[in-house]
Number of protein chains: 2
Amino acid sequence: MTATTNRQFKLAARPVGLPKRTDWEFVTAPVPEPGPGEVLVKSLYLSLDPAMRGWMNEGRSYIPPVAIGEVMRAGGIGRVLASNDPGIAVGDHVTGTLGIQEYAVLKGSQLTRIDPSVAPLPVFLGVLGMPGMTAYFGLLEIGRPQPGETVVVSGAAGAVGAVVGQIAKLKGCRVVGIAGGSDKCAYLTGELGFDAAIDYKAEDVKKALRQHCPQGIDVYFDNVGGDILDACLATLARHARIVICGAISQYNNTTPVKGPTNYLSLLVNRARMEGMVVFDYASRYGEAAREMAGWMKAGKLKHREDIVDGIETFPETLLKLFKGENTGKLMIRVAAE
Amino acid sequence: MTATTNRQFKLAARPVGLPKRTDWEFVTAPVPEPGPGEVLVKSLYLSLDPAMRGWMNEGRSYIPPVAIGEVMRAGGIGRVLASNDPGIAVGDHVTGTLGIQEYAVLKGSQLTRIDPSVAPLPVFLGVLGMPGMTAYFGLLEIGRPQPGETVVVSGAAGAVGAVVGQIAKLKGCRVVGIAGGSDKCAYLTGELGFDAAIDYKAEDVKKALRQHCPQGIDVYFDNVGGDILDACLATLARHARIVICGAISQYNNTTPVKGPTNYLSLLVNRARMEGMVVFDYASRYGEAAREMAGWMKAGKLKHREDIVDGIETFPETLLKLFKGENTGKLMIRVAAE
């Protein structure tokens, strides 16, 4: 081990609206020593996810908030530098909640070994990581699409949305993606094989949905909330299922969350709206990863990562998510593989 | 047949907010003659239901709107005065969509014969009618309460809510009703056996829910929408089910419907919100009616009707629903049995 310092981003204040530089403290700490059963990991890639914004807020949620003064929570991929866990060896690649820092010490049980021969390392934060698992279980277990049905996904060029749409295609559905900008839309229909894409920045979403979903929406996978959720509610088919995965349009609100005005469409259409948290499916991650790795190998499931270099860019890189500037899985490369 | 005139309420204008007298036309028409396969029915009781407000609005819903100039749609109970349907005899009691009028002609196939020896006639508009069916199928098929779970129902002293709560008690649940006023609350806990009642006009509903539902809400049967739906969303247990049956607080809005601000609680709690329309269960009404009639006979399912005399009172009587002035099933007695 050559480095002796560990640069970290700690939460300094609870953000109001979009997180600012001053909501963070960028500090240098000593590289920690692993205790009994613990492992020292050097961060290679750190995952930036919309859910992180929620973790910065106080209040009850599906996971406790990050405390003020605590290293910001984040998933990551790293290489093992030292290990007191017999199941993990120096040089292994692992994934776990490393936090926004260059080095992390975790218990061996909190880490999962990954095999770089299966896929490039960044893919383990995308299709084979939390976003892929979220897409897989949210769509298949909550959305339950049937062949021939129409599936709509928002945030469609993002890490979760792109996988949702591609799995829906694999299941024989008509797939419509909603994304911001013509480049993202071209990516959806050109590279990912979506049947249609709606550019919410340039089009009337409600009108476009009517055009592209003449039989109505059977499954809507919602990553964004807000007006797009309302537009989808207005276009439901009977017995539609809405998967509530996230609400990125609302995470930086300084006003109350916009509830879905058109929710009574659930009544008219005998439809349901259901929330999901990926952690509930942890015991089945392996099963999903094997199936998705097979699809990737067969060329049926494409992936794209948006990789930004340097841990010091964290505060600004995170904002790309909320400004819709990323296509594919956003992450920071902390160190070369 | 002695009467020769048929007093009717026709929809004169689409109401903005609460329906006014001038939104109706009260007319006198000749008593119609039944054609082949048709039946002439003398209205005895006409049902007033919150859903009627929705039928007055233009726009796509689960049923077409009432046209301007059309007799207002309403369920009712009547006695057969003349019949060209071999399955229905003069003197039979029937239920069907009679409309707000003293006499109706319908096809025999649009009427259901009822047996006055099973229950008093008004009960066929309440527990054994649409409200009872709505409660039964909405709770059991969508809410799916399990013994020991906590069930909350709003509009709890109304025709649907009172049945929901009592069935939930029969299924071994802890039941909390939300209603307006101390009389209604006393009725819920005193007569109907609810475990607790919350007076939304006098109490902080969110605080009271926390007190009465220490383990959170497993099933919320929503008849009202608005702030009470939001308070319940804030108190969900994990894997909760919300039955969207109606939203009486929103039906007379002159501003857009208030969407549930706290809908992301569905995500946090892996909960679902699902709409229901009773007509979907029409093939099973008989089964439900038999079971509920058995519970009534055993004294386990109580009923109360709020009966107002005189068809001419219709515009004002209807408003009782939206002002929360009725306890039990609201109806108009048009003529003596």
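The values are calculated or read from the model by the stated rules, or taken from the named source; none is laboratory data. Remember, it's a predicted structure, so these values are computed and weren't measured experimentally. All Cβ positions, glycine included, derive from the backbone under ideal geometry; neighbour counts span all protein chains shown. Surface accessibility is based on the protein's heavy atoms, side chains included, excluding ligands, DNA and RNA. Shrake-Rupley method; radii C 1.70, N 1.55, O 1.52, S 1.80 Å.
What the table shows:
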| item | result |
| --- | --- |
| Test result for A:Met331, outside any loop (DSSP other than H, G, I, E, B), more than 13 Å from every other protein chain (Cβ to nearest Cβ) and more than 26 Å from A:Lys20 (Cα to Cα) | no |
| Condition check for A:Met296: in contact (Cβ under 8 Å) with a residue 60 or more places away in the chain, facing chain B (nearest Cβ under 9 Å) and either among the aliphatic types (A, V, I, L, M) or surrounded by fewer than 18 Cβ atoms within 10 Å (Cβ to Cβ) (or both) | no |
| Residue in the range B:78-97 that is on the phi > 0 side of the Ramachandran plot, surrounded by fewer than 21 Cβ atoms within 10 Å (Cβ to Cβ) and out of contact with any Gly (no Cβ under 9 Å at 6 or more places or on another chain) present | yes |
| Residue under evaluation B:Ile198, criteria (1) open to solvent by less than 10 Å² (accessible area, probe 1.4 Å); (2) outside any helix (DSSP H, G or I); (3) within 13 Å of another protein chain (Cβ to nearest Cβ), criterion not met | (3) |
| Residue match in the range A:118-126 (condition: touching a helix residue (DSSP H, G or I) at 6+ places or on another chain (Cβ under 9 Å) and not hydrophobic (A, V, I, L, M, F, W, C)) | yes |
| Selection from the range B:84-107 of residues that are in a strand (DSSP E or B), in contact with a Lys or Arg (Cβ under 7 Å, 6 or more places away or on another chain) and either within 23 Å of B:Tyr285 (Cβ to Cβ) or free of Cβ contacts under 8 Å to residues at least 24 places away in the same chain (or both) | B:His93, B:Val94 |
| Residue that is farthest from the other protein chains (Cβ to nearest Cβ) [pool: residues in the range B:230-251 that are open to solvent by less than 30 Å² (accessible area, probe 1.4 Å) and closer than 17 Å to B:Pro50 by Cβ] | B:Val243 |
| Any hit, the range B:175-190, residues being under 17 Å from B:Pro145 (Cα atoms), more than 14 Å from every other protein chain (Cβ to nearest Cβ) and over 20 Å from the mean Cα position of the chain (by Cα) | no |
| Filter result for the condition that a residue is open to solvent by 40 Å² or more (accessible area, probe 1.4 Å) and closer than 30 Å to B:Glu291 by Cβ, over B:Thr134, B:Thr112 | B:Thr112 |
| Members of the range A:139-161 that are crowded, with 24+ Cβ neighbours inside 10 Å and of a type in the set (Gly, Ala, Ser) | A:Gly143, A:Ser154, A:Gly155, A:Ala156, A:Ala157, A:Gly158, A:Ala159, A:Gly161 |
| Test: residue in the range A:162-178 that is buried (at least 16 other Cβ atoms within 10 Å of the Cβ) and farther than 22 Å from A:Trp295 by Cβ | yes |
| Count of the range A:26-62 residues which are open to solvent by 10 Å² or more (accessible area, probe 1.4 Å) and touching a residue at least 24 places away in the same chain (Cβ under 8 Å) | 19 |
| Candidate set from the range B:301-328 (those that are among the polar types (S, T, N, Q) and in a helix (DSSP H, G or I)); member that is nearest to B:Asn253 (Cα to Cα) | B:Thr317 |
| Selection status of B:Leu209, touching a residue at least 12 places away in the same chain (Cβ under 8 Å), away from chain A (no Cβ under 14 Å), surrounded by 24 or more Cβ atoms within 10 Å (Cβ to Cβ) and of a type outside the set (D, E, K, R) | yes |
| Out of A:Leu46, A:Leu81, A:Leu40, sole residue that is out of contact with any Ser or Thr (no Cβ under 9 Å at 6 or more places or on another chain), away from every other protein chain (no Cβ under 14 Å), at pLDDT 95 or above and farther than 24 Å from A:Gly286 by Cβ | A:Leu81 |
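Condition check ((1) open to solvent by 30 Å² or more (accessible area, probe 1.4 Å); (2) within 13 Å of another protein chain (Cβ to nearest Cβ); (3) in contact (Cβ under 8 Å) with a residue 24 or more places away in the chain) across all residues:
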{"residue": "A:Val257", "(1), (2), (3)": "yes, yes, yes"}
{"residue": "A:Asn262", "(1), (2), (3)": "yes, yes, yes"}
{"residue": "A:Ser265", "(1), (2), (3)": "no, yes, yes"}
{"residue": "A:Glu274", "(1), (2), (3)": "yes, yes, yes"}
{"residue": "A:Tyr281", "(1), (2), (3)": "yes, yes, yes"}
{"residue": "A:Tyr285", "(1), (2), (3)": "yes, no, yes"}
{"residue": "A:Arg304", "(1), (2), (3)": "yes, no, yes"}
{"residue": "A:Ile307", "(1), (2), (3)": "yes, no, yes"}
{"residue": "A:Pro315", "(1), (2), (3)": "no, no, yes"}
